[in-house]
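Everything below concerns the one structure shown next.
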Amino acid sequence: MNNNKWLFFSFSVPSRLQGFRVKIWRKLNALGAVQIKNSIYVLPANQQMQEHLIWMGKETDEQGGESLVIANGSLLNIADSQVVATFTRARDEDYLALGEEIRAVVAEFDSPERLTSLRKLEKRLEAISTIDFFPSGKGASLQKLLDEALHAPAGGHPVVPRADVACYRQRTWVTRANPYVDRLASFWLIKRFVDPAASIMFLQDVDAVPSGPDVVSFDMSPADFTHVGGLITFEVIAEAFALTTRIPQRMRKVIKAIDLEELDAAPVETPGIKRMLDGLVAANDDDHLRTELALAFFDTLLASYTPASPTGA
């Protein structure tokens with residue numbers, strides 16, 4: 001059943017008024033209108049939008065064109081859910097394009113224009129959010145990314161203190177229960193590149209972190225190793241122990257995209273890798289077994305990104 005009320009706008013102008021046609025089209029886009037059934041544009045019904053369309057219709061008529069504005073209309077042969085999906089898809093495409101620009105600027109740690117560029121991108125994000133009538137959550141994810149970048153320490157790149165591998169031998173790494181990609185990948189880094197003898201402890205109560213010189217907390221708040229600026233815990237540990245050159249950039253992008261649920265701009269293989277990881281998690285309720293299996297999972301993933309050595313004939 002269709003319960004939403006919509007505003008409909010349709011217009012036509014003589015071919016000699018191509019510039020005016022583009023002007024109206026841009027205004028409709030700025031309002032967040034989407035197109036259905038060829039030349040019919042639709043918006044959620046409200047008084048402000050209605051006034052905008054009436055003025056656009058009047059402007060069109062005065063230019064020698066024709067316009068039609070329908071207020072509080074209902075669709076009988078198209079489900080409201082289809083219209084809502086069209087709005088959501090349009091805004092998600094806007095977020096995807098803007099997200100690529102944001103990530104490019106975020107990566108420019110040493111650029112003197114970085115902060116200015118981020119502020120401009122923030123205004124564009126606000127403009128899209130204003131016309132995001134049926135949010136999917138992608139806008140909120142981009143806002144979080146921007147907030148982290150804007151609040152990063154001066155100089156751009158989040159400051160991650162170096163850690164001495166020798167000081168982290170025979171430690172117990174403590175984190176939250178029910179580990180997913182960031183915690184699993186982080187402990188894989190520890191086991192494979194820092195301390196093969198490291199052990200892990202999972203906490204149901206994050207306020208009950210055990211004390212002691214052999215305990216290292218990670219991916220909690222607060223923790224010895226956790227998110228810094230726009231870096232996830234996996235990246236922080238890689239930076240701290242100077243492991244970034246050991247892990248291919250594309251693999252790091254996949255892990256980060258899964259953790260932040262930002263698959264749209266991720267490497268194309270990300271959804272498949274996420275599905276396999278989700279299966280590993282779903283099939284293993286025991287946190288320690290899950291972590292043990294994840295070690296092999298990330299070993300395999302690393303191998304897939306590492307060029308094979310030539311073999312002799």
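The values are calculated or read from the model by the stated rules, or taken from the named source; none is laboratory data. Please read these numbers as outputs of a predicted model, since none were measured by experiment. All Cβ positions, even for glycine, are placed from backbone atoms using ideal geometry, and neighbour counts span all protein chains on display.
Enumerate the pairs (first residue in region 13-37 and farther than 21 Å from A85 by Cα; second residue anywhere and assigned to a helix (DSSP H, G or I)) with beta-carbon separation below 7 Å, excluding pairs fewer than 6 apart on the same chain, so at least 6 apart or on different chains.
Going by the 7 Å Cβ cut-off, the qualifying pairs are V13/F20; V13/R21; V13/T60; I24/M56; I24/T60; K27/M56.
Condition first: among the basic types (K, R), without any contact (Cβ under 8 Å) to a residue 40 or more places away in the chain and within 20 Å of I128 (Cα to Cα). Can you find one or more residues in region 44-61 that meet it?
no
Yes/no per residue for (1) in contact with a Gly (Cβ under 9 Å, 6 or more places away or on another chain); (2) modelled with pLDDT under 95; (3) surrounded by 12 or more Cβ atoms within 10 Å (Cβ to Cβ); (4) of a type in the set (D, E, K, R):
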residue: L184; (1), (2), (3), (4): no, no, yes, no
residue: L189; (1), (2), (3), (4): no, no, yes, no
residue: P196; (1), (2), (3), (4): no, no, no, no
residue: M201; (1), (2), (3), (4): no, no, yes, no
residue: D207; (1), (2), (3), (4): no, yes, no, yes
residue: S221; (1), (2), (3), (4): no, yes, no, no
residue: F234; (1), (2), (3), (4): no, no, yes, no
residue: T245; (1), (2), (3), (4): no, yes, no, no
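Among the listed residues E101, E62, E113, E93, identify the single one that is surrounded by fewer than 15 Cβ atoms within 10 Å (Cβ to Cβ) and more than 35 Å from the chain's Cα centre (by Cα).
E62
If you scan region 76-90, which residues turn out to be hydrophobic (A, V, I, L, M, F, W, C) and within 33 Å of the chain's Cα centre (by Cα)?
If the condition is that a residue be hydrophobic (A, V, I, L, M, F, W, C) and within 33 Å of the chain's Cα centre (by Cα), then I78, A79, V83, V84, A85, F87, A90 are the ones that fit.
Condition test on W55, is it more than 22 Å from D94 (Cβ to Cβ), aromatic (F, W, Y) and outside the structural domain of D94 (by TED's automatic domain parsing)? Full working, then the answer.
On the way: more than 22 Å from D94 (Cβ to Cβ): yes; aromatic (F, W, Y): yes; outside the structural domain of D94 (by TED's automatic domain parsing): yes.
Here the answer is yes, as W55 does meet what is asked.
For A107, state whether it is in contact (Cβ under 8 Å) with a residue 24 or more places away in the chain, surrounded by 12 or more Cβ atoms within 10 Å (Cβ to Cβ) and small (G, A, S). Please lay out each step first, then the result.
Values: in contact (Cβ under 8 Å) with a residue 24 or more places away in the chain: no; surrounded by 12 or more Cβ atoms within 10 Å (Cβ to Cβ): yes; small (G, A, S): yes.
In short, no.
Restricting to region 46-69, name every residue that is among the hydrophobic types (A, V, I, L, M, F, W, C) and in contact with a helix residue (DSSP H, G or I) (Cβ under 9 Å, 6 or more places away or on another chain). Break it down stepwise before answering.
Keep residues of region 46-69 that are among the hydrophobic types (A, V, I, L, M, F, W, C), which gives 49, 53-56, 68-69.
Passing the criteria: M49, L53, M56, L68, V69.
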